[in-house]
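Structure record follows, encoded as structure tokens.
The values are calculated or read from the model by the stated rules, or taken from the named source; none is laboratory data. Because the structure is a prediction, the values reported are computed rather than measured. Cβ sites come from the backbone with ideal geometry, for glycine too, and all protein chains shown count toward neighbours. Please note that ligands, DNA and RNA were not included when accessible areas were found on the heavy atoms of the full protein model with its side chains. Shrake-Rupley method; radii C 1.70, N 1.55, O 1.52, S 1.80 Å.
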Amino acid sequence: MPRGNRIIPPVTRAGQRETDLKEPLIATAVLFDVDGTLVDSNYLHVHAWRRAFHALDRNVDSWRVHRAIGKGSGKLLSTLLGDEDADRIGDKAKELHSRFYLETADLLRPFDRAPELIRTLAGRGISVVLATSAAPDELEALRKVLDVDDVISGIVSGDDVDATKPDPEPVLAALEKAGTEPGETIFVGDAVWDVHAATKAGVRTVSVLSGGVGAAELTDAGAVAVYDDAAALLAGLDDSVLIS
């Protein structure tokens with residue numbers, strides 16, 4: 001797919017595949033996932049989880065870990081280990097993952113033009129809220145590399161909700177922070193779990209490929225548009241569903 005192109009599946013225009021969203025199409029708020037969407041961190045998470053599983057004598061293929069990235073840690077562990085084993089070693093696995101992940105925090109970087117995208121939207125009077133499952137120490141590292149706290153309207157983290165993606169609660173909490181209705185809001189994310197969560201909350205999703213999930217899978221999940229990354233979305237912003 002050429003850089004910057006967007007895919008709008010006809011059956012999902014305005015999110016009507018699974019919801020009955022109406023006009024306006026112009027968003028008054030944009031909710032952003034962070035890992036894999038704004039910050040190049042997904043593969044650091046995969047490596048940290050693999051190290052954690054190895055330390056606990058559990059063999060989980062890296063591709064399976066990657067496909068679960070974007071879920072909250074509890075759901076990720078249940079998916080990869082099964083409920084019983086996740087209950088047994090989940091707390092230790094989370095602790096090890098966080099430790100190994102933070103050891104690589106110096107490798108974190110915002111995707112090209114991601115901070116500029118956020119600042120551009122905020123400068124146009126659009127409310128921007130970050131919605132992430134990150135734990136407090138991980139969130140601190142993400143906020144540091146993004147450096148956009150001065151222009152966003154709020155942040156929803158894993159500590160702010162009881163249920164994580166693909167449950168809609170994080171999106172609903174972000175909507176509350178933004179102070180907008182679902183029909184005038186867009187969610188931007190990189191995983192099918194983002195699309196599922198937003199759709200359940202009645203919010204349209206624009207997806208990016210920077211998290212490592214293919215365009216077909218994202219559109220099949222219900223994304224109304226797909227871009228390569230934050231830079232491509234910014235370059236096509238005036239023709240996007242965020243603006244027009």
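For the condition at negative phi and touching an Asp or Glu at 6+ places or on another chain (Cβ under 9 Å), PHE100 does not qualify.
Do we have any residue at all in the range 164-173 that's over 15 Å from the mean Cα position of the chain (by Cα), surrounded by fewer than 20 Cβ atoms within 10 Å (Cβ to Cβ) and either aliphatic (A, V, I, L, M) or within 30 Å of THR79 (Cα to Cα) (or both)?
In the first step, residues of the range 164-173 are kept if they are over 15 Å from the mean Cα position of the chain (by Cα); the result is none.
No, the conditions are met nowhere in the range 164-173.
If you filter the range 174-211 down to residues that are of a type in the set (S, T, N, Q), open to solvent by 10 Å² or more (accessible area, probe 1.4 Å) and in contact with an Asp or Glu (Cβ under 7 Å, 6 or more places away or on another chain), you find that the one that is nearest to ILE126 (Cα to Cα) is THR199. Return yes or no: is ARG50 in a helix (DSSP H, G or I) and surrounded by fewer than 17 Cβ atoms within 10 Å (Cβ to Cβ)? No: the conditions fail for ARG50. Can you spot a residue in the range 112-122 that is in contact (Cβ under 8 Å) with a residue 60 or more places away in the chain, part of a loop (DSSP other than H, G, I, E, B) and under 26 Å from LYS94 (Cα atoms)? Within the range 112-122, not a single residue is in contact (Cβ under 8 Å) with a residue 60 or more places away in the chain, part of a loop (DSSP other than H, G, I, E, B) and under 26 Å from LYS94 (Cα atoms). All conditions in (1) closer than 26 Å to THR219 by Cβ; (2) modelled with pLDDT under 95; (3) not aliphatic (A, V, I, L, M) hold for ASP160, with the sole exception of (1). Checked against the criterion of being under 16 Å from ASP33 (Cα atoms) and touching a residue at least 40 places away in the same chain (Cβ under 8 Å), the range 101-109 has at least one qualifying residue. Considering (1) out of contact with any strand residue (DSSP E or B) (no Cβ under 6 Å at 6 or more places or on another chain); (2) buried (at least 17 other Cβ atoms within 10 Å of the Cβ); (3) small (Gly, Ala, Ser), say which one SER127 fails and leave the rest. Among (1) out of contact with any strand residue (DSSP E or B) (no Cβ under 6 Å at 6 or more places or on another chain); (2) buried (at least 17 other Cβ atoms within 10 Å of the Cβ); (3) small (Gly, Ala, Ser), the lone unmet condition for SER127 is (1).
Consider the range 73-113 and keep the residues that are closer than 19 Å to GLY158 by Cα, surrounded by fewer than 19 Cβ atoms within 10 Å (Cβ to Cβ) and among the small types (Gly, Ala, Ser). The one that is farthest from the chain's Cα centre (by Cα) is GLY90. Which pairs do you get when a residue that is modelled with pLDDT of 95 or more, found in the range 50-70, comes within reach of a residue that is among the hydroxyl-bearing types (Ser, Thr, Tyr), reach meaning Cβ atoms under 7 angstrom, with the pair 6+ apart or on two chains? Listed pairs, sorted by first residue: ARG50/SER62; ALA68/THR79.
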